[in-house]
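Working notes, beginning with the structure itself.
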Amino acid sequence: MRCIHTADWHLGNRMHEIDRSREQDFFLGWLRDEIVRVQADCLIVAGDVYDVANPPNEAKKAYCAFLASLVGTCCRNVIIVGGNHDSGSLLDTEADILAALNIHVVGSLANRKPADLVFELQDGAGEAIGIAAAVPYAREIELRPYAGGEGGG
């Protein structure tokens, strides 16, 4: 099984009012080409898809277009977790529809059970080739239910 691990895309980032969307689009195109070139079975995006919690629409479109470009490639498994720059709830809004494409998004813990964070990775024939645990950046308020409440007991 071949995996590509990436993080910190920071889509929507501007550097001192300089529009960086062209270089971000170039990166996403390069990443797709690399996935195909190395015949990666899995892509893992470990947080900070976006630069800010409320990214510009252009950044959201680039993210969705990139994910759509993976359909029909060798990459049959995509795992995306939210980072400290992301709005976990924003990433989670598309999770159900993306799951139909075998793209697993865990933007936040959002009262999920630990079993909801584990995904079976499959090859092109639908056979299991691995297991991934997708744990996003966790804010203190999201961790409280797992620690037994406010006191952590």
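Taking the range 1-25, which residues are small (Gly, Ala, Ser) and part of a loop (DSSP other than H, G, I, E, B)?
Of everything in the range 1-25, those that are small (Gly, Ala, Ser) and part of a loop (DSSP other than H, G, I, E, B) turn out to be Ala7, Gly12.
Quick one: count up the residues across the range 81-106 that are touching a His at 6+ places or on another chain (Cβ under 8 Å) and either open to solvent by 30 Å² or more (accessible area, probe 1.4 Å) or of a type in the set (D, E, K, R) (or both).
Qualifying residue count, the range 81-106: 1.
Note down all Cβ pairs under 8 Å where the first residue falls in the range 109-126 and is free of Cβ contacts under 8 Å to residues at least 40 places away in the same chain, the second is in a helix (DSSP H, G or I) and loosely packed, with under 10 Cβ neighbours inside 10 Å, and they're at least six residues apart or on different chains.
Close Cβ pairs satisfying both conditions: none exist.
Do the conditions hold for Val135, that is, is it of a type in the set (Val, Ile, Thr) and open to solvent by 80 Å² or more (accessible area, probe 1.4 Å)?
yes
Considering only residues that are part of a loop (DSSP other than H, G, I, E, B) and touching a residue at least 40 places away in the same chain (Cβ under 8 Å), look in the range 57-75 and name the one that is nearest to His5 (Cα to Cα).
The extreme case among them is Cys75.
Where in the range 81-153 are there strands (runs of 3 or more DSSP E), lying fully within it, with 2 or more residues that are β-branched (Val, Ile, Thr) and within 28 Å of Gln39 (Cα to Cα)?
Per the criteria, 103-106, 128-133.
Could you tell me whether any residue of the range 107-122 is surrounded by fewer than 20 Cβ atoms within 10 Å (Cβ to Cβ), over 22 Å from Phe26 (Cβ atoms) and among the basic types (Lys, Arg)?
yes
Right, Asn54: at positive phi, surrounded by fewer than 16 Cβ atoms within 10 Å (Cβ to Cβ) and in a loop (DSSP other than H, G, I, E, B) or not?
Considered against the rule, which asks whether it is at positive phi, surrounded by fewer than 16 Cβ atoms within 10 Å (Cβ to Cβ) and in a loop (DSSP other than H, G, I, E, B), Asn54 comes out as no.
Kindly evaluate Val78 against the criterion of being free of Cβ contacts under 8 Å to residues at least 40 places away in the same chain, within 19 Å of Tyr137 (Cβ to Cβ) and buried (at least 17 other Cβ atoms within 10 Å of the Cβ).
yes
The values are calculated or read from the model by the stated rules, or taken from the named source; none is laboratory data. Quantities reported herein were computed from a predicted structural model and do not represent experimental measurements. Glycine also receives a Cβ, built like all others from the backbone with ideal geometry; neighbour counts cover every protein chain displayed. Surface accessibility is based on the protein's heavy atoms, side chains included, excluding ligands, DNA and RNA. Shrake-Rupley method; radii C 1.70, N 1.55, O 1.52, S 1.80 Å.
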